[in-house]
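Working notes, beginning with the structure itself.
The values are calculated or read from the model by the stated rules, or taken from the named source; none is laboratory data. For clarity, every value in this text was computed on a predicted model and none was experimentally measured. Every residue, glycine as well, gets a Cβ built from its backbone with ideal geometry; the counts of neighbours run over all protein chains shown. In case anyone asks, the SASA skips ligands and DNA or RNA and just uses the protein heavy atoms, side chains included. Shrake-Rupley method; radii C 1.70, N 1.55, O 1.52, S 1.80 Å.
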Amino acid sequence: TDGTLNTNVILFDSAGEMECYDIFHMLTAVYLVFAGGHTTEILRLLSCLSESYSPRHYVFADSDTMSEAKIRSFEQKRAETVPTSQFTLDRIPRSREVRQSWTSSVVTTLYSMLYSLPLTYRRKPDLILCNGPGTCVPVCISALLLGLLGIKRAIIVYVESICRVETLSLSGKILYYFSDYFIVQWPDLKEKYPKSIYLGRIV
């Protein structure tokens, strides 16, 4: 890169106080894009990031009826101080419902990938930021495929939900092996998953 932050940002869906830790200090010399997770938590993370991380592309499940309103409210407030702020909203089929069986989850995740792969190809994110919803799995896998094909290499940053104290979420168990930075908010998880980065509470 030329050292400039030419940042696209993909974000995922859903949902306390948070101090603004610069968890992306290790990425400041690269192009960035995010994908993201539990809406309230992900928006708190975004509130700490400068407008250099723009445009932001939010990705959430088509059955999610609450995230869009939260995102629009967040972006509206941001636009009051940064009129040039840019964002987009994209919906894909939910990859897994709560308590859905593992067998059927494979089918619905593959179906979700039919939508997430062309979307990820079109957006070509530099950084994907996500924090737990099943929706992030097909998008991250799509980004990995684009990287393997030499089309676009995206950095994947996974932030496990504050609710996860001793065990990872299903999305976390999958993306622990594929993410570039895997951030946990409890010391017990750091002990169990040595690859993870423990920063204390960040959301």
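For residue 201 paired with residue 62, estimate the spin-label separation in nm (one decimal), with each label point 7 Å from Cα along the Cα-to-Cβ line.
Spacing of the two 7 Å Cα→Cβ label points: 3.8 nm.
For an R0 of 22 angstrom, estimate the FRET efficiency from the Cβ-Cβ distance between residue 114 and residue 180 and round to the nearest 0.05.
E(calc), rounded to 0.05, equals 0.30.
With every protein chain kept in the model, how would you rank 87, 60, 74 by accessible area, 1.4 Å probe, largest at the top?
Ranked list, largest accessible area first: 87, 74, 60.
Order 155, 183, 141 by their accessible area, 1.4 angstrom probe, all chains in place, largest first.
Descending accessible area places them as 141, 155, 183.
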